[in-house]
Amino acid sequence: MNNKISYLLNTVKCVHRCSSVLTPKSSAATRKHILWIGRYKDPLRNVNFRKLFLNILPSLHGSSLRFLSQKTGVYSTGAEALLHEKASQRSLEVEKLDDSGSFKTKHVADHNDPFFTSLQKCTCPSDALDLASEAAVSIKHYTNALTMAWRLYKTLSEEQQRYEKQLIFEHPVFAKLCQQLLRGARRMTRGDLVFSLHALVHLGVPQNTLLVQTLVRVCQEKLNQLDNRCISVLATTLAGMEKDKNVSALQAGLQLLVEQRISSIRDIFILQNLMKCLGKDAPLFLKKKLEMAVMREIDGLTFPNALRMFSALAAMNYCSFPILNPCSKKIQENVHDVPFRQLIHILEACHTLLYHNVKLFSALADYVNSTAYLWDKRQIILFLSACETLGFQPTELLDFFAEKVTEEPDFLNLKNLLIALRVYSRLNHVPRVQKHLFFETLHSCLDKCLPQISNTELLKAVYALGILGYLPHRALDELLQKDSKDELLVSDDLKEQNTVMLRCVKTCMELDSPSFTKPAFVLTENLSSLVSLNLGKAQEALIELLGDENMFRQNVQLPYGYHIDFEIRMDSERKKVLPIAATDDHPDSHVRRLAFLFAPMSAFCLGTTHPQGKLAMKKRHLNKLGYHVILIQNKKFQEMRNEDAVQFLKRKIYSEDAFSFPEATLQDNN
């Protein structure tokens, strides 16, 4: 009982501290208790917090402040003396260098100062603010207290950060600290200036406040005084800020400074921060200079540098193989040390950069698969989604996830269900074990989501299952009802996409139905005798192989909107190619039709000949129409010598594999 009373008293004291600066400093342990008491509220939605950021000095009363960039009046109730127009102008006067143009001596903190000794002992952000309220007497004290609060804040979990941010913004000394920073912006050392701006921005102080805009302006004025380390911190800060007049001006000045100093920067970490800050809008020559600067130091590449390099290059949208290849190798060597969030960032960056390194992707997928029991299912589906974006098929991990879904289907809410359907349909992956159970589970989850699913989401879900050859009857019925009532009509930007998906669904309903039988005759149409330039080599190879253009057809249009590049016909024993005209005049069920599809590399899973969903569905449907389909990766075919191309097509035509039917699909389960 005594422990409970003591806990209650400590909690009351900690709460009271937020409303009175005279309350003694509370312990870190008590503060951790308060983090989880009550319901969390977003501090930026609280009217008092908004007043704090707009006024900076809530204890004073006066006119509204003016933003430096937009000069927009905002209702507020404080800071008349400080925010008066003349005072603001005086605070923005440029601090001049001496006549020699040399940098002023950097003020170094006195490590014998008890304040800095106590600051190092703080264990949470509010401890640093408590210390500032009790012992800060200089601008140096306030800037270091703010920086320490940020450093301690960023080590917390996301959940703890939300609660700790509320305590920081409610802390009575935080307003005074902001006041001191605003008044002393010009007296700060270059390090204190950039670190204070960095801390405020990343703690979530609104960018359009007078405090943040003032620090940005002072950074503009002192830009030439910044050393490489300060430039790095400033670059990191600007990368996380929205563009406005002051930020854009500072970023432009920073770009000019980097152009001048880039040859003297030897730290890869600093170069990466600059790459993120300058971004995709940086001129090409500067991107190349940054690339060369990194290449000079590539021998000293560390594992953390390799992890960060992907996002840095993605920020510039600049794919540099000389940098990415050694980074990929370093990551593969240390794959077991890659945090999960970094796994996703790497894959996303590779997608942005169009960097398709199958060895790297395989190493990451093997690592996740070998440690899958450590990951949450939501993490695994996030990783699979990133792989799907790249067109990469992590087969074993897909099988593992399918097994987990059948064991715990409740995990699949609507969002996760749609992701899973998109991943498995695009990658054309059917689990090797319990495939029917897996798709029945997806079907059941879709039925449960029908009351809450939107029309477009319903269409995407049915379309994804249709690509895999599975027809979800209840969802399909509801979809057709909506179509008959024109409820699937959407805005113009999605209308064409939805029309294509709906036409595909209706094709699947007919061709994948168990009652569908192969037609004895398929009505076809020759679109043109001309072939596209990328198929000219294939046409010449077929002429050389078969001896005559009359032995094959090109640009053949089939029912259901399907098209094939070339068609040849053979006898039942697959030993002889028959003239097209002869078989047209006398249709024979024993005649075998062969369809050639020259597909781009993007139609196959990365690094394999495994067709992705749409191409696999087309192949399945052409089989239904009586064709034996030969899929050819056109890029690799174009790289062959002419004689090799002829021999390649000969093997494809006369080999038994050309007439083997595709693996069993889920149609028989419908």
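Structure values in brief
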quantity	calculated
Kirkwood-based shape ratio for the stretch 221-295, expressed as Rg/Rh from alpha carbons	0.92
Cα radius of gyration and Dmax for the stretch 151-193 (Å)	13.2, 36
Cα convex hull of the stretch 530-632, projected area averaged across orientations, nm²	7.2 nm²
Spin-label model distance (nm) - A252 vs S157, 7 Å beyond Cα toward Cβ	4.6 nm
Gain in span if fully extended, T117 to S444, counting 0.36 nm per residue against the direct Cα distance	111.5 nm
Residue-span extension gain [Q557 to V500] - 0.36 nm each, minus C-alpha spacing	18.8 nm
E333-R574 FRET efficiency (beta carbon distance; Förster radius 35 Å; 0.05 resolution)	0.10
Karplus-derived HN-Hα couplings along the stretch 415-427 (A = 6.51, B = -1.76, C = 1.60, θ = phi - 60°), whole Hz, x at Gly and Pro	4, 5, 5, 5, 5, 4, 4, 5, 5, 5, 6, 5, 7
Members of K121/K165; K245/K280; K280/K359 lying beyond 22 Å, as alpha-carbon distances in this model show	K280/K359
For the stretch 339-489, projected area of the alpha-carbon convex hull averaged over all directions, nm²	9.4 nm²
Label-point separation, H356 to V522 (7 Å along Cα→Cβ), nm	2.7 nm
Whole-number accessible area per residue in Å² for the stretch 305-442, which is evaluated in the context of all protein chains at 1.4 Å	42 Å²
Dipole magnitude of the stretch 360-519, debye to nearest 20 (Cβ charges: Lys/Arg +1, Asp/Glu -1, about Cα centre)	160 debye
N428 long-range amide H proximity, modeled H, under 5 Å	G613
Neighbourhood charge, 14 Å Cβ-Cβ cut-off, centred on S328 and excluding it, Lys, Arg +1 and Asp, Glu -1	+3
Point-to-point label distance, K614-K245, nm (Cα→Cβ direction, 7 Å offset)	4.7 nm
Under-5 Å amide H pairs with V629, H placed in peptide plane, nonlocal only	A595
5 angstrom amide H check on F604, placed H, neighbours 5+ away	Q612
Packing rank of 547-554, 411-418, where each peptide gets the mean count of other beta carbons within 10 Å, highest leading	411-418, 547-554
FRET efficiency estimate (nearest 0.05) - Cβ-Cβ, S532 to K652, R0 30 angstrom	0.90
Ratio Rg/Rh, restricted to the stretch 114-247 and using Cα atoms, in which Rh is the Kirkwood radius	0.94
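The values are calculated or read from the model by the stated rules, or taken from the named source; none is laboratory data. The shown structure was predicted, so the numbers you read here are calculated from the model rather than taken from an experiment. Methodologically, a virtual Cβ is constructed for each residue, glycine included, from the backbone with ideal geometry; neighbour enumeration extends over all protein chains shown. The area values use the complete protein model at the heavy-atom level, side chains included, leaving out ligands, DNA and RNA. Shrake-Rupley method; radii C 1.70, N 1.55, O 1.52, S 1.80 Å.
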